[in-house]
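Okay, handing you the structure first.
The values are calculated or read from the model by the stated rules, or taken from the named source; none is laboratory data. Small disclaimer: the values here were computed from a predicted structure and weren't measured. Positions of Cβ are generated from backbone atoms using ideal geometry, with glycine treated the same way; all protein chains shown enter the neighbour counts. Areas reflect the complete protein model, heavy atoms only, side chains present, ligands, DNA and RNA absent. Shrake-Rupley method; radii C 1.70, N 1.55, O 1.52, S 1.80 Å.
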Amino acid sequence: MTTVKTTCPYCGVGCGVLATPRPDGTVDIAGDPDHPANFGRLCSKGSALGETLSLDGRLLHPEIGDERASWDDALDLVAQRFAATIAEHGPQSVAIYGSGQLLTEDYYVANKLMKGFIGAANIDTNSRLCMASSVAGHKRAFGSDTVPGNYEDLEQADLIVLVGSNLGWCHPVLYQRIVAARDARPDMKIVLVDPRRTVSADIADLHLPISPDGDTALFVGLLAHLADAGRIDRDFIADHTNGFEAADTVASDWPVDRVATVTGLSVDSIVAFYNLFAETEKVVTVYSQGVNQSAAGTDKVNAIINCHLSTGRIGRPGMGPFSVTGQPNAMGGREVGGLANMLASHMDFVPEAIDRVGRFWGSDRVARQPGLKAVDLFAAMARGEIKAVWIMATNPVVSMPDADAVRAALAGCPFVVVSDMNRDTDTMALAHVRLPALGWGEKDGTVTNSERRISRQRPFLAAPGEAKPDWWIVQEVARRMGHGAAFAYDGPAEIFAEHAALSAFENGGTRDFDLSGLADADYESLAPVQWPVRDGSTARMFGDGAFYTADRKARFVPVEPPPRFASSPGTFILNTGRVRDHWHTMTRTGKAARLSAHMAEPFVEIHPTDAVALGIRRASLVRLSNEQGSVLVRALVTDRQSRGQLFVPMHWTLQFAASGRVDVLVPGKTDPVSGQPALKMAKVHAEPARIRLYGFLVSSNKPALTADYWALAPAPDGWRAELGWVEESDDWSALLGTDNPQSVTDNRSGRRAFVHIKDGRLVAALYVSPDPVLVSRQWAVGLLGEADLGAATVLAGRPGGNVVDGGAIVCSCNSVGINTITEAITRHGCATVDAIGARTRAGTNCGSCRAELRGILDQLRVRETVDAV
Ligand code: SF4
């Protein structure tokens with residue numbers, strides 16, 4: 001068996017993975033101990049990669065309409081329709097919408113076709129939803145889209161400020177590195193700035209539950225405080241920056257009490273944070289979607305960078321602003337120019353760059369101006385201005401704001417091509433042509449992580465069916481459109497070499513992105529390396545105080561904070577984000593039973609006081625709505641959520657839930673500089689859903705669900721589904737696979753249970769109740785794998801006396817539930833996360849649940865203290 005070194009396809013941490021295919025078709029997955037991003041660690045998602053590789057649901061051959069087609073016919077049709085549309089309506093009438101899942105080589109070829117040969121810049125990407133504000137903020141401050149530091153800085157810092165970043169769930173391996181560093185250096189301080197008390201708060205010395213979009217005021221006020229306290233570095237400001245006075249003038253209008261009014265924070269907590277920042281030299285400010293996904297995202301980024309520039313804390317070990325990307329190759333997309341407002345290779349739409357790129361590509365047709373950014377692109381499609389679109393490796397019908405409008409725009413678009421690995425996505429359903437692309441484990445290329453580190457993604461599986469690499473698909477269309485001479489690559493190595501050559505072309509140190517040192521690199525054996533690569537890898541940027549502006553000085557950006565965001569009476573502010581064990585629209589993680597065990601359905605986090613006021617009970621169903629649409633989700637009542645605010649994850653699609661696409665509620669409001677949508681700031685109404693019956697189903701076969709509410713997830717030996725009906729129902733035969741199930745009814749409570757057993761094995765069990773079903777999910781799911789089952793055991797709806805119910809899963813790697821963990825703490829005296837792990841194995845594999853274990857420990861300690869009092 002050969003072990004292949006590759007890279008995780010999920011988040012922007014970019015962990016190295018060792019993949020070992022076995023003769024039985026399974027693949028062993030382990031963290032790569034030599035990869036500098038993770039040194040062998042993986043999170044729950046990365047650890048479960050081997051469970052997501054089945055061909056279930058894969059698109060294995062091209063389709064035109066719903067009919068199987070040959071590659072030649074499909075490619076001819078795409079090329080002919082794009083060419084005809086351009087001929088009739090001009091190049092601005094076509095578009096490509098890509099993804100941070102694309103490899104750099106795929107991205108490069110797609111960008112070259114659109115900007116270099118079609119001659120329009122209408123190629124944008126789901127990275128617009130992720131980090132466009134960071135790009136814009138970097139460019140305003142540094143003159144280039146440059147992440148200054150690296151992951152080691154997080155371990156070397158004495159203060160880490162996490163702003164709008166739930167690393168514990170969204171970038172778990174970075175979180176684990178910080179926890180390990182803090183364990184080694186207990187004096188390290190961590191501040192969390194986030195409206196929610198996320199799991200990342202469990203390692204924070206100070207949590208600032210800031211009001212939505214209050215971050216700008218917090219950092220503008222910090223700049224004023226640094227100046228007042230004499231903590232600014234006047235030499236660095238004079239020698240290496242411009243514009244401090246203007247930024248300082250704005251900031252001087254933001255004393256702490258005004259900051260407190262806008263942020264909703266106490267003066268004491270703000271002062272504590274300001275003093276900590278002022279007095280600590282080694283500070284890293286880590287930020288991600290909570291900063292970027294805002295109508296003021298770019299200003300937030302610059303407010304943060306201003307504080308680092310004013311103190312000269314940039315480009316040196318253990319300090320700097322640090323944007324962490326969501327997608328695995330968001331950085332690679334930025335490098336090639338995969339955003340509509342960038343040309344190529346970190347060059348802008350300025351005459352000398354357009355001329356340079358045109359000469360390099362051999363094209364006189366290079367786009368001369370930026371194209372449509374994601375929200376504008378789909379709005380133009382809705383107006384009929386985009387008449388042909390190609391969507392690559394992403395699912396905008398779920399992930400875009402105003403998702404129903406995006407679906408309607410695609411439904412009305414005359415020609416929609418989707419290339420993806422999966423046949424049944426909400427977006428694929430609207431395609432006129434479906435093109436099967438390779439997936440992780442099959443693809444070959446490079447990705448770049450959040451610290452500018454380029455790593456290889458290598459194949460270890462054969463291409464299934466007729467699936468092809470994305471770069472090949474684009475190249476074949478380009479050739480059919482008459483651009484064959486410029487698209488004659490024989491593989492990703494050749495594309496990467498051209499990409500590296502373009503980065504170095506007429507560069508001479510004037511541009512940050514430079515891979516000249518990789519010109520002769522052996523692509524196959526390429527080791528992880530941080531760009532720029534001139535004489536070698538570059539760990540940090542700007543250590544010499546030279547930036548990529550005309551005078552090589554960084555720029556302060558005067559930032560005026562927006563007023564405090566106020567929701568109208570009766571409405572909530574809706575925040576959207578991720579859960580620990582799922583990735584984006586679940587096309588991959590939705591296949592792994594153990595990843596679905598942690599959070600098996602869409603939910604809304606709501607504060608207990610708000611829940612009581614609205615009559616929303618724990619685990620009941622909640623209707624969220626506004627003028628754009630509505631969703632139906634489970635109530636998760638928790639004081640981790642601030643009052644007046646709600647949180648709903650963004651993962652659930654029509655493939656997994658009847659009504660869980662939360663982005664139907666989010667308006668298409670964007671940051672005016674970056675075009676990034678404000679995905680965390682929708683206004684919604686919340687009300688208890690009128691549900692007559694709740695249900696829970698376990699089934700050995702995938703059920704067809706038609707209930708008013710349903711959420712489907714895989715189980716180890718079948719499927720599980722949460723159900724709800726607004727009217728009384730008694731037609732269960734389709735769910736149970738029989739007209740004659742065994743059943744039991746409790747007339748007093750109205751609870752009923754039905755079971756279908758065949759040859760001692762469970763075919764299906766259904767529990768229905770006027771209230772949320774209380775049956776232990778883990779116990780019921782476990783029944784699917786048992787032999788010699790008796791109906792009475794299943795109908796009882798709870799484990800027998802000799803069966804332990806572990807409770808809801810906390811550690812998905814080792815399937816350890818909350819009951820087991822609670823028992824370890826309360827009965828067996830486990831007082832640390834390590835002690836819990838030693839007793840139960842929870843948290844001993846990937847470590848992604850260790851923050852939750854710490855939270856459970858803290859809660860039980862608080863309860864013990866209260867009981868003692
Ligand atoms: S932190 Fe997890 S999801 Fe992110 S790259 Fe590493 S293993 Fe993959």
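Apply the Karplus curve 6.51 cos²θ - 1.76 cosθ + 1.60, θ = phi - 60°, to the phi angles in region 369-378 and return the couplings in whole Hz, x for Gly and Pro.
8, x, x, 7, 6, 3, 5, 5, 5, 6
Based on the alpha-carbon gyration tensor of region 265-392, what equivalent-ellipsoid semi-axes (square roots of 5 times the eigenvalues) come out, in whole Å, largest first?
They are 38, 20, 12 Å, listed from largest to smallest.
Taking the convex hull of the Cα atoms, report for region 663-797 its projected area averaged over all directions, in nm².
Taking a quarter of the hull surface, the average projection is 10.6 nm².
³J(HN,Hα) across region 383-395 via Karplus (A = 6.51, B = -1.76, C = 1.60, θ = phi - 60°), whole Hz, x for Gly/Pro?
In residue order, the calculated couplings are 7, x, 7, 9, 10, 8, 9, 10, 9, 10, 6, 7, 9 Hz.
Moving to a separate point now. For a paramagnetic label modelled at 7 Å from the Cα of Leu55 toward its Cβ, which residues of region 1-35 fall within the zone defined by backbone nitrogen distances under 16 Å?
Hits in region 1-35 for Leu55 at 16 Å: 24-27.
At a 10 angstrom cut-off on C-beta neighbours, averaged per residue, how do the peptides 675-684, 363-372 rank from highest to lowest?
Top of the packing list down: 675-684, 363-372.
May I pose another question? Along the Cα-to-C-beta direction of Glu560, a point sits 7 Å from the Cα; which residues of region 216-249 have their amide N less than 19 Å from that point?
Residues passing the 19 Å test: 216-224, 243-249.
Right, next: May I ask you to compute the full-extension gain from Arg552 to Thr638, defined as 0.36 nm times their residue separation minus their alpha-carbon distance, rounded to one decimal in nm?
Result for the pair: 26.0 nm of gain on full extension.
Where does the charge balance sit around Val220 when Lys and Arg score +1, Asp and Glu -1, over other residues with C-beta under 12 Å from its C-beta?
-3
Oh, and also: When you count, for each residue, the other Cβ atoms within 10 Å and take the mean per peptide, how do 300-312, 206-218 rank with the highest first?
Per-residue mean Cβ counts within 10 Å order the peptides as 300-312, 206-218.
Please state the relative contact order of the chain as a whole percent: Cα pairs under 8 Å, 6+ residues apart?
It comes to 15 percent, rounded to a whole number.
Arrange the peptides 7-20, 423-436 so that the one whose residues have, on average, the most other Cβ atoms within 10 Å appears first.
7-20, 423-436
Measure out, as a whole number of angstrom, how far apart the alpha-carbon centroids of region 1-74 and region 712-766 sit.
Measuring centre to centre over Cα atoms gives 35 Å.
Within straight cross-link reach of Lys112, meaning Cα distance under 26 Å, which lysines are found once same-chain residues fewer than 8 apart are removed?
Reachable lysines: Lys139, Lys373, Lys387, Lys443, Lys468.
What does the charge count around Ala592 come to, taking other residues whose C-beta lies under 11 Å from its C-beta (Lys +1, Arg +1, Asp -1, Glu -1)?
+2
Return the sequence-ordered ³J(HN,Hα) values of region 625-642 in whole Hz as given by the Karplus equation 6.51 cos²θ - 1.76 cosθ + 1.60 applied to θ = phi - 60°, using x for Gly and Pro.
8, 7, 5, 8, x, 8, 9, 10, 9, 7, 7, 10, 7, 8, 7, 5, 8, 6
Please give the per residue accessible area of the chain, computed with a probe of 1.4 Å over protein heavy atoms only, in Å².
35 Å²
How far is it, in nm, from the label point at His89 to the one at Ala831 when both lie 7 Å from their Cα along the line to the Cβ?
7.0 nm
Another one. Over region 14-105, with every protein chain in place, what whole percent of the accessible area is carbon and sulfur at 1.4 Å, could you tell me?
50 percent
Here's a follow-up. Does region 396-473 classify as rounded, prolate or oblate by the C-alpha gyration tensor (a ≥ b ≥ c root eigenvalues; a/c under 1.5 gives rounded; else a/b over b/c gives prolate, otherwise oblate)?
oblate
Another one. Which percent of the accessible area of region 761-854 is formed by carbon and sulfur heavy atoms (probe 1.4 angstrom)?
48 percent
Please compute the volume of the convex hull spanned by the alpha-carbon atoms of the chain and report it per residue in Å³.
Cα convex hull per residue, to the nearest whole number: 167 Å³.
Can you list the residues, at least 5 places off or on another chain, whose amide H is less than 5 Å from the amide H of Ala682, using H built in the peptide plane?
Counting only residues 5 or more places away or on other chains, the set is Leu574.
Here is a follow-up. Just to be sure I understand the model, the point goes 7 Å from the Cα along the line to the Cβ. What's the resulting Asp535 to Thr261 distance in nm?
Between Asp535 and Thr261, the label points sit 5.5 nm apart.
Let me ask you something else. Can you list the residues, at least 5 places off or on another chain, whose amide H is less than 5 Å from the amide H of Ala554, using H built in the peptide plane?
Here Thr241, Asn242, Phe547 satisfy the definition.
Assuming 0.36 nm per residue, please report the length gained on full extension of the stretch Ala485 to Asp66 beyond their Cα-Cα distance.
The span from Ala485 to Asp66 would gain 147.5 nm if fully extended.
Hey, any idea what % of region 405-495's accessible area is carbon plus sulfur with a 1.4 Å probe?
In region 405-495, the share of accessible area belonging to carbon and sulfur is 51 percent.
Let me ask another. Residues with amide H under 5 Å of Asn341's amide H, sequence separation 5 or more or different chain, H placed in the peptide plane at 1.01 Å from N; which?
Gly371
Roughly how many nanometres apart are two label points built 7 Å out from the Cα toward the Cβ at Asp717 and Val271?
The two pseudo-label positions are separated by 6.3 nm.
Quick one: go through region 561-596 and flag any residue whose amide nitrogen is under 20 Å from the point 7 Å out along the Cα-to-Cβ line of Thr609.
564-575
Just going by the charge dipole of region 116-181, with Lys and Arg at +1 and Asp and Glu at -1 on Cβ, which of Gln156, Leu129, Leu174 is farthest out on the positive end?
Selected residue: Leu129.
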